[in-house]
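The values are calculated or read from the model by the stated rules, or taken from the named source; none is laboratory data. All of these numbers come straight from a predicted model, not from anything done at the bench. Cβ coordinates were reconstructed from backbone atoms using ideal geometry, including for glycine residues, and neighbour counts include every protein chain displayed.
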Amino acid sequence: MASHPLIDSYLAGLATRLPADSVDELADGLIETWQHHLARGLTPTAAARTAIAEFGTPHRIVDEFVAQAPGRRTARLLLATGPVVGGCWGASLIAGKVWTWPIQPLLAAAYALALLAVVLTLLAAGTTRHSYRRTRLGTIGALTLVVLDAAMITAVAVLTPLFAWPMAVAIPASLARIGLTIQALPKPRTG
Amino acid sequence: MVPDSSIPTHGSDRLWLMKAEAQALKGHLDGLLLATLEDGPRHGYAVKEALRDGSGGRFDLPTGTIYPALHRLEDSGLIAGSWSTVDGRRRRTYRLTAEGLRRLHADRSNWHAFAAAITALLERRPWPATR
């Protein structure tokens, strides 16, 4: 069944700010609401206005999607736990005398830069309130952090000449973070 | 005597109560959404209608805000969604999962205990004397 220009314009506005699947779902609900008001005897335009008013402003809907976006939730979780895991690794590297490890300085600098980029990406995703696109950065940051965690564990296993006790905390903390991150990644809405 | 600004008076009564109610509803939204799916699968608009009708019109949330909450419950594994096509439109319908049903029973049980305690305190009765 055809829709109304007011509804089409409302949905077009949402389509620029939300994923296509979500807009399809919103469209179904909005058109059903419109049809409900048409059946009550309202004119097509009055029914469209009433349906849109019932749905809420696009700004409010987008903000609600942003607040509950999986990328934003993952970013906030990683930002909250990051200092603890980072502290464990800091203690491990000092206790393990990282400066004696056979690592190229360029490689170490690249790791540090990648870690900084991840923190900034997670901050961008975790602090947004109005941009759904920015919440997706949380997923990118989380996946990169999984790679960095895995790289650090591998480096310790292969390169470290002596095992320092803080590693006994840092390695399980990183493994737990990898597991939690993979579990928290957004799943495709199939089915 | 200086009036307590935290106590609502006259015109501010309704606004204060509405805010308090919205806050209380937010804390129970997940349980309420799960309850609307207990009798069978529904799509977003039907969930919103069930919330409104089931509460006698008291919980009439903006329809558009129901969907992100449903997505969050789906990500948590409490409900499962599936796509179908109705009148040429894509429709996502949600059903409770076994985990969602367990969570609903737990929420319901907690609510009954909480409501019973509040009711017991609010009902008019003589309070025990204190020394």
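For the range A:65-108, give me each residue that is among the charged types (D, E, K, R) and surrounded by fewer than 19 Cβ atoms within 10 Å (Cβ to Cβ).
Within the range A:65-108, A:76, A:97 qualify.
Scan the range A:21-75 for residues that are facing chain B (nearest Cβ under 10 Å), over 30 Å from residue A:139 (Cα atoms) and in contact (Cβ under 8 Å) with a residue 40 or more places away in the chain and jot them down.
Those that are facing chain B (nearest Cβ under 10 Å), over 30 Å from residue A:139 (Cα atoms) and in contact (Cβ under 8 Å) with a residue 40 or more places away in the chain: A:51, A:52.
Return the pairs, sorted by first residue and then second, in which the second residue is modelled with pLDDT under 95 and not in a helix (DSSP H, G or I), the first residue lies in the range A:77-102 and is within 14 Å of residue A:159 (Cβ to Cβ), the beta carbons are less than 7 Å apart, and the residues are 6+ apart or on different chains.
Correct list of pairs: A:92/A:164; A:92/A:166; A:96/A:160; A:96/A:162; A:96/A:164; A:100/A:161; A:101/A:160.
Collect the residues in the range A:17-57 that are among the β-branched types (Val, Ile, Thr), under 17 Å from residue B:68 (Cα atoms) and surrounded by fewer than 16 Cβ atoms within 10 Å (Cβ to Cβ), keeping them in residue-number order.
A:57
Name the residue, out of A:128, A:121, A:139, that is within 14 Å of another protein chain (Cβ to nearest Cβ), crowded, with 19+ Cβ neighbours inside 10 Å and among the hydroxyl-bearing types (Ser, Thr, Tyr).
Criteria check complete, one pass: A:139.
Being away from chain B (no Cβ under 14 Å), modelled with pLDDT of 90 or more and under 30 Å from residue A:58 (Cβ atoms) is the requirement here; does residue A:179 meet it? Can you show your working first?
Numbers: away from chain B (no Cβ under 14 Å): yes; modelled with pLDDT of 90 or more: yes; under 30 Å from residue A:58 (Cβ atoms): no.
No; evaluated as a whole, the condition is false for this residue.
Residues are listed down the side, and each one gets a yes or a no for (1) within 14 Å of chain A (Cβ to nearest Cβ); (2) within 27 Å of residue A:33 (Cα to Cα):
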position	(1), (2)
B:55	no, yes
B:60	yes, yes
B:63	yes, yes
B:67	yes, yes
B:75	yes, yes
B:79	yes, yes
B:88	yes, yes
B:104	no, no
B:112	no, no
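I'm told residue B:92 meets every condition in (1) more than 7 Å from chain A (Cβ to nearest Cβ); (2) surrounded by 13 or more Cβ atoms within 10 Å (Cβ to Cβ) except one. Can you identify the failing condition by its number?
In the conditions (1) more than 7 Å from chain A (Cβ to nearest Cβ); (2) surrounded by 13 or more Cβ atoms within 10 Å (Cβ to Cβ), residue B:92 misses (1) alone.
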